[in-house]
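Single-structure report; data block below.
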2 protein chains.
Amino acid sequence: MKNNVNREIPDQILNDYNYEGFKTTDFGNPDIQRVAPKVTAQTGPSKIVESVKKVVAETLEDGMTISFHHHFREGDYVFNMVMREIIDAGYKNLTLAPSSLTNVMNDIVVEAIEKKTVTNITSSGIRGSLGDAVSHGALENPVIFRSHGNRARAIESGDIKIDVAFLGVPNADEMGNANGMNGDTAFGSLGYALIDAQYANKLVLLTDNLMPYPNTPASIKQTQVDYVVKVDEVGNPDKIGSGATRFTKDPKELQIAEMVNDVIVNSPYFKQGFSFQTGSGGAALAVTRFLRKAMIENQIKASFALGGITKPTVDLLNEGLIERIMDVQDFDKGAASSMKNSPNQQEIDASWYADPANKGAMVDKLDVAILSALEIDTNFNVNVMSGSDGVIRGAIGGHQDAATANLTIISAPLVRGRIATIVPEVTTVITPGESIDVVVTELGIAINPNRKDLIDSLSKVPGLPIFSIEELQQKAEKLVGAAKPLEFTDRVVALAEYRDGTLIDVIKQVKD
Amino acid sequence: MKNNVNREIPDQILNDYNYEGFKTTDFGNPDIQRVAPKVTAQTGPSKIVESVKKVVAETLEDGMTISFHHHFREGDYVFNMVMREIIDAGYKNLTLAPSSLTNVMNDIVVEAIEKKTVTNITSSGIRGSLGDAVSHGALENPVIFRSHGNRARAIESGDIKIDVAFLGVPNADEMGNANGMNGDTAFGSLGYALIDAQYANKLVLLTDNLMPYPNTPASIKQTQVDYVVKVDEVGNPDKIGSGATRFTKDPKELQIAEMVNDVIVNSPYFKQGFSFQTGSGGAALAVTRFLRKAMIENQIKASFALGGITKPTVDLLNEGLIERIMDVQDFDKGAASSMKNSPNQQEIDASWYADPANKGAMVDKLDVAILSALEIDTNFNVNVMSGSDGVIRGAIGGHQDAATANLTIISAPLVRGRIATIVPEVTTVITPGESIDVVVTELGIAINPNRKDLIDSLSKVPGLPIFSIEELQQKAEKLVGAAKPLEFTDRVVALAEYRDGTLIDVIKQVKD
């Protein structure tokens, strides 16, 4: 069948995996029977287990689903530590269901795939050697990609049933009370991991920093934890978050950032109490700087900033330009240490952040979202997953989720090197064009024709170059030429869900 | 059958309600499949409903289970407001499942019983006109009494299925983010209500204090809330918690408090990092004062204080004599306002506080608990539920839960007026003698013969009068004479669960 973003979804996939094709960004008001973990009661004085090896042996069986979080980012030691024991112990047919996979995890997952330790993966994304291996057909079953909000939905509804969660934390007591805020490897919000803590049947904490009991504030609570393992090091503090934030000096990024700011400031959403999510990356940080200036000049305060948080956003909070930061993840040390000290920086879990299947997520109240893209097509569909060679090298993250904002802006260069960003048809649809309002490139912007209100307001902005998306696509093609069509086999290697659990696209094995 | 505290439980009750009789205080390590709510998804911008009447009409059906919390205590307006609408709308056969019922709720519940609006009740306790009505057979089915920890267990396992929770809060935003800490009617910890928020199918918040969105810190989260109703007043601030704390000048209470302190200080548990729960009431507050002195003299710090919190305990935290307060409920304004400001005063829910059916509760790590009693018998069984006339006038509260402490002390006068506190057999067994270690009266103490270690350590304390429990009972009888046996009909009007969900006793209708 063809779904509502015109992607061909093989019927066998729909049947085998019991999927429906993507229809609409409107989630509606379904009744959803939540699932709950099976809990083994304990009343003893300590949950300390002497080694990872032992706790793996006590908890794991072939065929189970295991999970991890990615808050340690490129500084993560926990994933490799645990996977090493699992592979060496000879487990088979596991489903790997982390919140996402960072580059430091790639090689050992490839090994786990080769040894049939892991035969299923669901993740926000994959990259590097792992993306390459999956795109070339290494994994037995298709990877399932889910946004952060959709992962929460899937766990709450039972689509993902976590048997054992292995969660690294920068501090914990002997009973498992833990947070992400204290210790050498502090990363701030535990947002994505909180869902695992609530729903996993068995929860193993790993920490290098045992605290006196009771360890508070407790983002993860002893009522959720089965085992605590003391390890030498959970991560490399220098690689967990980026350090001091440098604003971009790249003229192209600055140009895009200024135009993004123009779009926001001249939209109907730039008013007292508005809300925004800017994300990370050079242009995004520059937008925050421009936005700050506009907020001061117009005496406008934001009610909240959302999402992965950076130091420049924290600075706005401290300046009184934002009332609250709603924090599911911290991208740098400044943001992480602010969460510890600022009562107005609230830790939120992935469900509260972005799950459409609950009683209201933060993204539902979001005015402005600035998102990136690998490709945007002339239907405004966005690809953040597969490269121009068809190989998987991205992650959904909160892309589909934040794109439900009132004003969703894609900020992207028109071309990257010899590759066009705006294309006739994206390789993989991750976020449907229906939820994209404005595309901003260094040459100018394109407004989704459905948004006549925005066309009206932005047309009046002096010096803001507005094109149709087709015009931008042609400008890109003129610069770098038309791309050669990619060649794929018929084998599906990955499934991309929309945030409601329907199938928005499939990714096929690349032809060598 | 006779259960393990020698109470006769009618077989019909065991069969009709699918109960087992109480066996042991040891919960073991059962696997428990938790339940989860059925959630109606919503993504709209506001949950405000214009009236209680309307929200009742939208949510309630005959036969449903409804819940409330009792954190507003004797200042609660919410319970009466909601029950008035429910009774007037003519609903029938509801199960009332609040965390507890305070005196201001009595009369309207009696009315609801008379009108068959309410035909089942489960609560921590009942008192006053309601206790009287139930004891005289007014309610169609037996009331089920559950401790705070047991209520959490029952909700988590599905023994209590809350269809609609009506929770009053001193602040909330339009999406339902709320806490107990801010506003004129602030009461501090929302501990008992947090379980309702997590497990109820439908959650209605009532507040007189609508805050800008997003309202943080959010103890109750928008992801849990279906409706928000703005009402004129949720409570009377002057009656929510007791005001300034006065230490008792009653010489008998002071005598008991000093002896309780002697028991603690001379026990093996009074050491660096010990933990305690003192509760409220004149003697308990006095104990805290004596304990403070002993801690300073012996340079001992406590790792945590637990339970319902009072200002004197907060003072110990501020003095650095306690590392953490683990706070499920605040008994006075001082404790409530401290929760707002002290990062070391952690809000905990009822499950974390005291549920044996999770992965570890605070009470499992408790060294010293000081509890009260209406009656104690020569098997150390404690009654906190029925008066000497057989009429129900009490609440389990956290009694059974905290009694699992390493050192559980019952502090009680030997006699109250012409009524003995220490008796041959308690009217109703609520907490089994197995979990009681020492009984302290103004005349002296009795130590549970199972605790030879305590008999050893406390025998060496100069001037501490130690008796057998039988000797104390005889002293009481000598003072006030033997009580006339109570007369009951055969009809069971209330069931008292032990914290594991087994039946520890039944209460029968009093004979007029």
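What follows is calculated from the coordinates using simple rules that are stated; it is not laboratory data. What you see is a predicted model; the values in this text were computed from it and never measured. Cβ coordinates were reconstructed from backbone atoms using ideal geometry, including for glycine residues, and neighbour counts include every protein chain displayed.
For region B:337-380 versus region B:103-137, the spacing of their alpha-carbon centroids is 27 Å. The Rg/Rh ratio for region A:79-163, using Cα coordinates for both the radius of gyration and the Kirkwood hydrodynamic radius, is 0.95.
Once the gyration tensor of the Cα atoms in region A:91-222 is diagonalised, the equivalent ellipsoid follows with semi-axes of 29, 16, 13 Å, ordered largest first.
Would you mind getting me the FRET efficiency between residue A:301 and residue A:11? Use the beta-carbon distance for r and R0 = 41 Å, nearest 0.05.
Computed FRET efficiency for residue A:301 and residue A:11: 0.20.
Within region B:471-489, list the residues whose amide N lies under 20 Å from a label point set 7 Å along Cα→Cβ of residue B:418. From region B:471-489, the list is B:474-487.
Sites listed here are GluC sites (Glu not before Pro) in region B:441-505 whose DSSP assignment is loop and whose Cβ has at most 10 other Cβ atoms within 10 Å: B:487.
When Rg and the Kirkwood radius Rh are both evaluated on Cα atoms of region B:252-368, their ratio Rg/Rh stands at 0.95. Counted over region B:167-214 with a bin width of 5 Å, the fraction of Cα pairs per bin, in whole percents, is 5, 24, 32, 26, 12, 2. With a threshold of 18 Å on the Cα-Cα distance, the over-threshold entries among A:115/A:508; B:54/B:115; A:47/A:221 are A:115/A:508; B:54/B:115.
For chain B, the square roots of the Cα gyration tensor eigenvalues, ordered a ≥ b ≥ c, give a/c of at least 1.5 with a/b no greater than b/c, which places it in the oblate category. For the pair region B:251-309 / region B:29-54, the C-alpha centres are spaced 41 Å from each other. Radius of gyration over Kirkwood radius for region A:435-512, both on Cα atoms: the Rg/Rh ratio is 1.12. The trypsin sites (Lys or Arg not before Pro) of region B:358-448 meeting both criteria, a DSSP state outside H, G, I, E and B (loop) and at most 16 other C-beta atoms within 10 angstrom of the site's C-beta, are B:418. With a cut-off of 14 Å between beta carbons, the residues surrounding residue B:274 carry a summed charge of +3, where Lys and Arg count +1 and Asp and Glu -1. In this simple spin-label model, placing a label point 7 Å from the Cα along the Cα-to-Cβ direction at both residue A:26 and residue A:231 gives a separation of 4.7 nm.
Antiparallel beta bridges, as assigned by DSSP with both residues in region B:293-350, represent about 0 percent of the total such bridges.
Of all DSSP beta bridges located in chain B, what percent are antiparallel, nearest 5?
Beta bridges within chain B, antiparallel portion: roughly 30 percent.
Does anyone have the angle between helix A:282-297 and the longest principal axis of chain A? Alpha-carbon axes, 0 to 90°, nearest 10? Approximately 70 degrees, to the nearest 10.
Quickly estimate the mean residue ellipticity at 222 nm for chain A, helices only: each DSSP H run with n ≥ 4 gives -39500 (n - 2.57), and the total goes over all residues, rounded to 500.
Counting only the DSSP helices, I get -7500 deg cm²/dmol.
Restricting region A:437-472 to trypsin sites (Lys or Arg not before Pro) that sit in a DSSP loop and have at most 10 other Cβ atoms within 10 Å of their own Cβ leaves A:460. The calculated P(r) of region A:86-129, using every Cα pair and 5 Å bins from 0, goes 6, 25, 33, 25, 10, 1 in percent. Built from the Cα atoms of the protein assembly as shown, the convex hull projects on average onto 41.0 nm², one quarter of its surface area. In terms of its C-alpha gyration tensor, region A:185-237 comes out rounded, because the ratio a/c of the largest to the smallest axis stays below 1.5. Straight Cα distances below 25 angstrom link residue B:478 to the lysines B:252, with same-chain residues fewer than 8 positions distant left out. In this simple spin-label approximation, residue A:455 and residue B:50 carry label points 7 Å from Cα along the Cα→Cβ vector, and these lie 3.8 nm apart. Using only side-chain charges placed at the Cβ, +1 for Lys and Arg and -1 for Asp and Glu, the dipole size of chain A relative to its Cα centre rounds to 640 debye. Size descriptors for region B:36-123: radius of gyration and Dmax over Cα atoms are 13.7, 41 Å.
Remark: the residue A:136-residue A:491 segment gains 126.8 nm on full extension, using 0.36 nm per residue and subtracting the alpha carbon distance. Going by alpha carbons, how many degrees (0 to 90, nearest 10) lie between the helix axis of A:251-265 and the longest principal axis of chain A? Taking Cα atoms only, the helix is inclined about 80 degrees. Dimensions of region A:355-512 from C-alpha coordinates, computed as largest minus smallest value along each principal axis and given longest first, are 50, 47, 21 Å.
What FRET efficiency comes out for residue A:252 versus residue A:484 if R0 is 30 angstrom and r is the Cβ-Cβ distance? Round to the nearest 0.05. All intermediate terms of the calculation are to be shown ahead of the outcome.
Numbers: r = 25 Å, r/R0 = 0.85.
So the FRET efficiency works out to roughly 0.75.
A Förster radius of 30 Å combined with the Cβ-Cβ distance from residue A:318 to residue B:318 puts the calculated FRET efficiency at roughly 0.65.
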